Amino acid sequence: MDMGIRGRRALVNGGSAGMGRAVAELLAAEGVDLVLAARGAERLERTAAELKDRYGVRVETVAADHSSEEGRTRILDRCPDPDILVATCSPPPMTPDHRAITATQWQASLETGLLSPIRFIEALLPGMLQRRWGRIVNIATIATKYPLELRILSGAPRAALVNYTVAVARRVAAENVTLNNVLPGMFHTAAVHDQFTETAQRNGTTYDIEVARFTDAFQIPARRFGDPRDVGALVTWLCSEFAGYITGQSLVIDGGTTRSTF
């Protein structure tokens, strides 16, 4: 299916691995040119080379920390006028005890999960409104809708981001600019792999065993973690011409973990 976005240009923050990488690949498959930003230059360049070779699109890179003012300036200087903005980032640490969260952790989580995405949206919205076409998608977390102590550092800032996004979406809908949020559950990302591998080493087990234990403990009906391409496909569709009437929404993708009729 042709998504109607061939020749568009997308900025993908956190685009070198995990869900961001999956989004970048599926956008590239639709003929979208890319600007990928991430902190690690080596993995970023490797991802860009692979996508260029496979899909024949233009792929530029910016090795920068998008949670910092300096990093945002570098990214926006390279890509001041994208048609599409997708924001994701590595998740903060899990917090089994909220009392152990430090002020430094709170500040870092707020900068990465709330303030940075807002600053990018505010910087890029005027151009989208002037061109009367734009797609903005934040990859957040199901913890924004279903609070959990284990994910407070992730859920709380992104819940505020979702609130902001929905409010702004109403303001700009008439100009063919949409803002939506995707709320993933547990997925096989690099960060999850590192975390569960470390747990497995402590427990003398394996990554697969620890994933199975988590799946059982949190009663994930799909009986597995998701593939990042599942998120990539949903985000790409939200960026397409077919989703122009969908805005201000927060769509859960979690293998049936959470229970809600809407």
* Structure fact -> All conditions in (1) on the phi > 0 side of the Ramachandran plot; (2) free of Cβ contacts under 8 Å to residues at least 12 places away in the same chain are true of ARG132 except (2)
* Asked: Within region 43-64, which residues are of a type in the set (Asp, Glu) and either within 19 Å of LEU234 (Cα to Cα) or free of Cβ contacts under 8 Å to residues at least 12 places away in the same chain (or both)?
  -> GLU50, ASP53
* Working carefully through the options GLY40, GLY18, GLY4, GLY14, find the one that is in contact with a Pro (Cβ under 9 Å, 6 or more places away or on another chain) and in contact (Cβ under 8 Å) with a residue 12 or more places away in the chain. => GLY18
* **Matching residues, region 149-166, being among the hydrophobic types (A, V, I, L, M, F, W, C), in contact (Cβ under 8 Å) with a residue 24 or more places away in the chain and under 19 Å from SER116 (Cβ atoms)** => ILE152, LEU153, ALA156, ALA160, LEU161, VAL162, VAL166
* Look through ARG46, ARG99 and report the one residue that is at pLDDT below 95, assigned to a helix (DSSP H, G or I) and open to solvent by 50 Å² or more (accessible area, probe 1.4 Å). => ARG99
* Structure fact -> Per the filter on region 49-66, residues surrounded by fewer than 21 Cβ atoms within 10 Å (Cβ to Cβ) and in a helix (DSSP H, G or I) are ALA49, GLU50, LYS52, ASP53, ARG54, TYR55
* **Unmet requirement for ARG229, which otherwise passes all of (1) out of contact with any Ser or Thr (no Cβ under 7 Å at 6 or more places or on another chain); (2) touching a residue at least 40 places away in the same chain (Cβ under 8 Å); (3) under 21 Å from SER154 (Cβ atoms)** => (3)
* Asked: Scanning for something touching a strand residue (DSSP E or B) at 6+ places or on another chain (Cβ under 6 Å), open to solvent by less than 20 Å² (accessible area, probe 1.4 Å) and under 25 Å from VAL172 (Cβ atoms), does region 67-78 turn up at least one residue?
  -> yes
* Structure fact -> Among the residues of region 1-28, the number that are among the aliphatic types (A, V, I, L, M), part of a helix (DSSP H, G or I), closer than 16 Å to ALA140 by Cβ and touching a strand residue (DSSP E or B) at 6+ places or on another chain (Cβ under 7 Å) is 2
* **region 204-246: number of residues that are surrounded by 13 or more Cβ atoms within 10 Å (Cβ to Cβ), over 30 Å from LEU27 (Cα atoms) and not hydroxyl-bearing (Ser, Thr, Tyr)** => 6
* Asked: Can you find even one residue in region 188-203 that is closer than 30 Å to ARG9 by Cβ, surrounded by 14 or more Cβ atoms within 10 Å (Cβ to Cβ) and touching a Leu at 6+ places or on another chain (Cβ under 7 Å)?
  -> no
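The values are calculated or read from the model by the stated rules, or taken from the named source; none is laboratory data. Keep in mind that what you see is a predicted model, and the values were worked out from it rather than measured. Cβ: placed from backbone, ideal geometry, glycine included. Neighbour counts: every protein chain shown. When the accessible area is computed, the model is the full protein with side chains, heavy atoms only, and any ligands, DNA or RNA have been set aside. Shrake-Rupley method; radii C 1.70, N 1.55, O 1.52, S 1.80 Å.
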